[in-house]
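The values are calculated or read from the model by the stated rules, or taken from the named source; none is laboratory data. Quantities reported herein were computed from a predicted structural model and do not represent experimental measurements. Methodologically, a virtual Cβ is constructed for each residue, glycine included, from the backbone with ideal geometry; neighbour enumeration extends over all protein chains shown. Side chains are part of the model used for accessible areas, which takes the heavy atoms of the whole protein and leaves out ligands, DNA and RNA. Shrake-Rupley method; radii C 1.70, N 1.55, O 1.52, S 1.80 Å.
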Amino acid sequence: MSAPEIFSIAQTPVTCHAFNADRSQLAVSLNDNDVQIYARQGNQWKATETLAEHDKVITSIDWAPNSNRIVTASQDRNAYVWQQTLDPVTGQMAWKPTLVLLRINRAATFVRWSPNEDKFAVASGARAIAICSFDPENNWWVARQLKKPIRSTVLSVDWHPNNVLLAAGSADMKARVFSAYIKDVDKRPSPTVWGEKLPFNTICGEYTSPAGGWVHAVGFSPSGDVLAYASHDSSVSIVYPGGPTIYNIRINSLPYVTLTWTSEDALVAAGHDCQPVVFSGSEAGWAAVGTLDDTTSGGAKAGAGARAGSVGRLNSAAFNTFRNADTRGQGQDGSGDTELLTVHQNTITSVRPFEVGADGNVARVSTTGVDGKLVIWDVGAVSAGGLAGRLGGMRI
């Protein structure tokens, strides 16, 4: 099993992260109002620049691979597009921000570039999604808003490969697929399984969380024909709109808050259980197949009272101490170590594709978490043992 690459970025939570095209640079938010740019130097990441323009905590970052532009969204209700330009004073390249007119009165929560990088979507607490495109006459980014029928904060968005359709997950317990077609920007899209005529704000699909949880993460498959979303009721749902067929995978663990597809038949989800979990399937059915975190190798750290096959937050010495006191009426002698068996020691906040293999599928993914770590995982190194006894039955 290939060992993951582990980097300690900071002693504070990493809210979000994004890499540049060749993965030599990393942009992160350390739960504050600045963007930190890191450069890869050997086996370490060194801070090189700070992008300071926001007034409140930055909630999301995305780095366009082709145009090399960074877009940031913040709780200050603003978004900025950063581009490297030549500084006439110093003669060096520097990041300069461009204002985005979002027209929202609540925090911006999530941002993603479209595949063609000619527009981006900003989710917000204003029950709206701002679709932003560039206005060259005024040299700023202007927004058109998707509003109906959103009833609460939008928590995540993801673009369809055709650059027009947009998936959104929100706190009204719904995952939706919208048309974000802008006449002067987009070419007329080809028909898809989501529909043919796609004027702006068309609802192409609406799906409810199985047990009424916030929809934390959404994602289109590489073809765009399948939608996945993760909810706060500890479930991952896979939608085939042609049927329509919906597979709800209920997991007996803590909820996932982020996911990414690795191929047309597999995805990785992560969140409060502190480990990335692989799901695989097809239109015939889906199931969790294992974890990228080999938790079985760390069993000795949890003490003599650790349960075999238990993972995540609950497999710690502190938990075992209380469990032994409850079931056996006795305490546990030990050092009081509360280290988890997982690589991440706290919630994983973001999982993103890191490397694409020769077959076109994602070979490695990166995760960041509240523990301040950046971890790069080999998607092929799946451990089934860590999930023993944790998986619930798949419900259709």
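One table, with the values for the structure above:
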| quantity | calculated |
| --- | --- |
| For the stretch 183-226: rounded, prolate or oblate by the Cα gyration tensor [a/c cutoff 1.5] | prolate |
| Other-chain or far-sequence residues with amide H under 5 Å of Ser383's (modelled H) | Thr291, Leu292, Asp293 |
| Additional length obtainable on full extension of the chain from Ser67 to Glu339, 0.36 nm per residue less Cα span | 93.8 nm |
| Calculated from backbone phi, Karplus (6.51, -1.76, 1.60) coupling profile of the stretch 238-247 in Hz, x at Gly/Pro | 10, 10, 10, x, x, x, x, 10, 10, 9 |
| J(HN,Hα) series, the stretch 196-212, from Karplus relation 6.51 cos²θ - 1.76 cosθ + 1.60, nearest Hz, glycine and proline x | 10, 7, 10, x, 4, 6, 5, 8, 8, x, 9, 9, 9, 4, x, 10, x |
| Cα-based helix-to-principal-axis angle, 317-328 vs the chain, degrees rounded to 10 | 40 degrees |
| Cα gyration tensor shape of the stretch 115-196, rounded if a/c is under 1.5, else prolate or oblate by comparing a/b with b/c | oblate |
| Å² of accessible area per residue within the chain, as computed with a 1.4 Å probe and no ligands counted | 43 Å² |
| Rounded, prolate or oblate (a/c below 1.5 giving rounded, otherwise prolate when a/b exceeds b/c) for the stretch 1-92 by Cα gyration tensor | oblate |
| Under-5 Å amide H pairs with Tyr80, H placed in peptide plane, nonlocal only | Thr72 |
| Linear extension gain, Val142 paired with Ala211, 0.36 nm per residue minus alpha-carbon span | 21.1 nm |
| Additional length obtainable on full extension of the chain from Thr98 to Arg188, 0.36 nm per residue less Cα span | 29.6 nm |
| Theoretical FRET efficiency, 1/(1+(r/R0)^6), r = Cβ-Cβ of Ile6 and Thr296, R0 25 Å, to 0.05 | 0.90 |
| All lysines inside 23 Å of Lys56 as judged from Cα atoms, apart from same-chain residues fewer than 8 positions distant | Lys96, Lys373 |
| Neighbour net charge for Ser282 - beta-carbon separation under 11 angstrom, K R +1, D E -1 | -3 |
| Rounded to the nearest 10 Å², the accessible area of Leu341 at probe 1.4 Å | 10 Å² |
| Long-range HN-HN contacts of Ser114 with modeled amide H, under 5 Å | Lys119, Phe120, Ala121 |
| Derived scalar couplings ³J(HN,Hα) [the stretch 32-46; Karplus, 6.51 cos²θ - 1.76 cosθ + 1.60; whole Hz; x for Gly, Pro] | 9, 9, 10, 9, 9, 9, 10, 10, 6, 10, x, 9, 9, 10, 10 |
| Accessible surface of the chain [probe 1.4 Å, protein heavy atoms]: carbon and sulfur percent | 48 percent |
| Estimated FRET transfer efficiency (Arg23, Ala325; beta-carbon r; R0 56 Å; 0.05) | 0.75 |
